[in-house]
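The values are calculated or read from the model by the stated rules, or taken from the named source; none is laboratory data. What you are looking at is a predicted structure, and each value in this text was computed from that prediction instead of being measured. Please note: Cβ atoms are built from the backbone with ideal geometry, for glycine as well, and neighbour counts cover all protein chains shown. Note: accessible area is taken over every heavy atom of the protein model, side chains too, but ligands, DNA and RNA are not part of it. Shrake-Rupley method; radii C 1.70, N 1.55, O 1.52, S 1.80 Å.
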Amino acid sequence: MSNVLGVIVIARNGERREFTQDPKSYDPSLTDSTPLGVADLHRLGEQLHATYFTPGSSSFISEISGDVADTEQIKVRAKAGGEGPVVFDSAIALLQGLFPPNPKNKITLANGEVVTAPLGGYQYVPMETVEPGNDRSMEPWTDCPNFQKHVAKFHDSDAFKDMEKEAQPFFKEIKDFVFGRPTTLENIIHDFMHTQLTYNKTYAYRLPPSMINQARTLANFHEDGVFSDPEADGIGNIAGRTLLNTVLKSLGRIAFNDDPLQFMLVQTTYQPFISFFHGTDMVKNDPELKAIPNFGAALAIELRRGGPPDSRDFLRFKFQNGTKEEWKLVHPFGEKSDIALTEFIYRAEGSAITSNKQWAQVCGASSSEASFPSVFPTRETIGRSTIQIAIGSMLFFLMFVLAAFVGRRLRQRKNKYVRLPADEEDAETLEVRTDLPKTTMPVMEKGRVVHFM
């Protein structure tokens with residue numbers, strides 16, 4: 001029997017076209033996914049299925065439905081801000097690999113007819129897309145004044161200036177390979193070079209192999225500096241601090257025996273990985289985590305039941321830096337093995353950002369009083385929503401009755417209106433009759449409207 005009670009998977013999007021961000025505000029550009037990217041995420045889904053949804057696997061989730069997806073056991077959230085279309089495509093591809101078409105996905109109708117889902121039993125798994133305009137939990141770094149100050153401070157730091165000075169020979173050398181794009185440390189030229197190297201054969205034949213490695217090193221230095229902070233609750237870790245709220249709530253649900261949730265997928269971009277690794281001190285044991293994760297990278301957080309005599313729940317963290325790499329164990333807060341769930345919550349929850357209001361306070365931005373839409377509704381919120389819906393329905397019904405009454409009164413008053421001729425010479429021909437139905441009242445081209453009191 002496996003002792004895995006449930007899993008949270010945080011996955012980066014797959015390969016895409018060139019993507020740029022404003023070096024100061026990090027406002028994103030548009031980009032599109034590629035067949036290479038979605039194929040990679042489909043492969044990740046297959047790997048996750050073999051690990052967590054296949055009976056006989058040492059990490060099989062003990063009570064999960066392995067063949068046909070049970071949507072009560074699964075929750076999927078996908079970032080819809082910058083790179084949103086790519087993240088969405090990646091999530092769909094991952095789910096297709098995680099839950100492939102299955103002939104068992106069928107239903108028997110009352111008349112005895114058996115209907116199988118299209119495409120040989122395709123499985124449709126609900127997915128929540130998270131818009132930053134409504135919920136800051138998956139893209140908290142944009143429109144955040146204090147984060148922009150953090151970026152400016154990093155760009156003005158001695159470490160940044162030293163690296164920029166050291167990189168000047170490289171920037172001069174690559175001018176012929178970036179076609180007029182700014183060659184500065186603030187501008188991440190690695191993304192352009194990587195895209196061309198992957199999809200442009202002529203470019204791939206010309207680019208010296210060492211250049212892409214140097215560009216990646218500089219990109220890692222820059223993004224690690226921007227999306228990290230010496231303090232766990234610092235503004236530089238904001239991308240991981242909102243993600244942490246989702247993780248903690250998910251763990252609470254999985255650990256609760258009466259809650260059906262057993263698998264949570266968070267499909268996102270690279271920024272939260274860097275912040276999460278810093279905020280949980282994973283970078284201290286594994287300095288290589290201080291970098292941009294590869295496309296298709298994934299962090300799996302397994303909730304495991306401890307063995308006798310310790311029956312507590314423990315967390316195991318496993319990281320795969322792309323589908324071609326092996327999974328490796330990573331440990332938070334300086335631990336050397338699995339960490340107790342209660343200890344992780346105690347040490348992590350203080351830095352989590354749990355609402356839009358708190359996000360606005362941290363960012364120094366204007367705030368509405370709304371909290372994050374509930375990732376996991378409780379019995380209390382469900383009950384409160386039911387009462388609100390009932391009250392709303394009653395108010396709507398009363399407004400409908402009032403509108404019907406007012407409309408009737410207006411029609412009655414309208415029947416008492418008559419039209420008078422505009423010219424005095426026509427006054428002798430006027431007939432006023434209010435006893436006729438509206439459809440038989442005389443129609444006159446000219447007139448004034450008067451009202452009988």
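What to note about this one:
- When ILE64, ILE8, ILE107 are checked against the criterion of being aliphatic (A, V, I, L, M), over 16 Å from the mean Cα position of the chain (by Cα), surrounded by 15 or more Cβ atoms within 10 Å (Cβ to Cβ) and farther than 30 Å from LEU197 by Cα, ILE64 stands alone in meeting it.
- Among (1) without any contact (Cβ under 8 Å) to a residue 60 or more places away in the chain; (2) open to solvent by 40 Å² or more (accessible area, probe 1.4 Å); (3) of a type in the set (Gly, Ala, Ser) - the single one ALA80 does not satisfy: (2)
- Among the residues of region 280-304, those identified as outside any strand (DSSP E or B) and among the small types (Gly, Ala, Ser) are ALA291, GLY296, ALA297.
- Qualifying helices (runs of 4 or more DSSP H) (wholly inside region 190-261; at least 3 residues being under 26 Å from MET163 (Cβ atoms) and open to solvent by 20 Å² or more (accessible area, probe 1.4 Å)): 190-199, 209-226
- Test: GLY350 is assigned to a loop (DSSP other than H, G, I, E, B) and either of a type outside the set (S, T, N, Q) or surrounded by 19 or more Cβ atoms within 10 Å (Cβ to Cβ) (or both): no
- Failed condition for THR381, given (1) modelled with pLDDT of 95 or more; (2) among the polar types (S, T, N, Q); (3) closer than 30 Å to SER62 by Cα: (1)
- For region 26-45, residues that are open to solvent by 20 Å² or more (accessible area, probe 1.4 Å) and in a loop (DSSP other than H, G, I, E, B) total 4.
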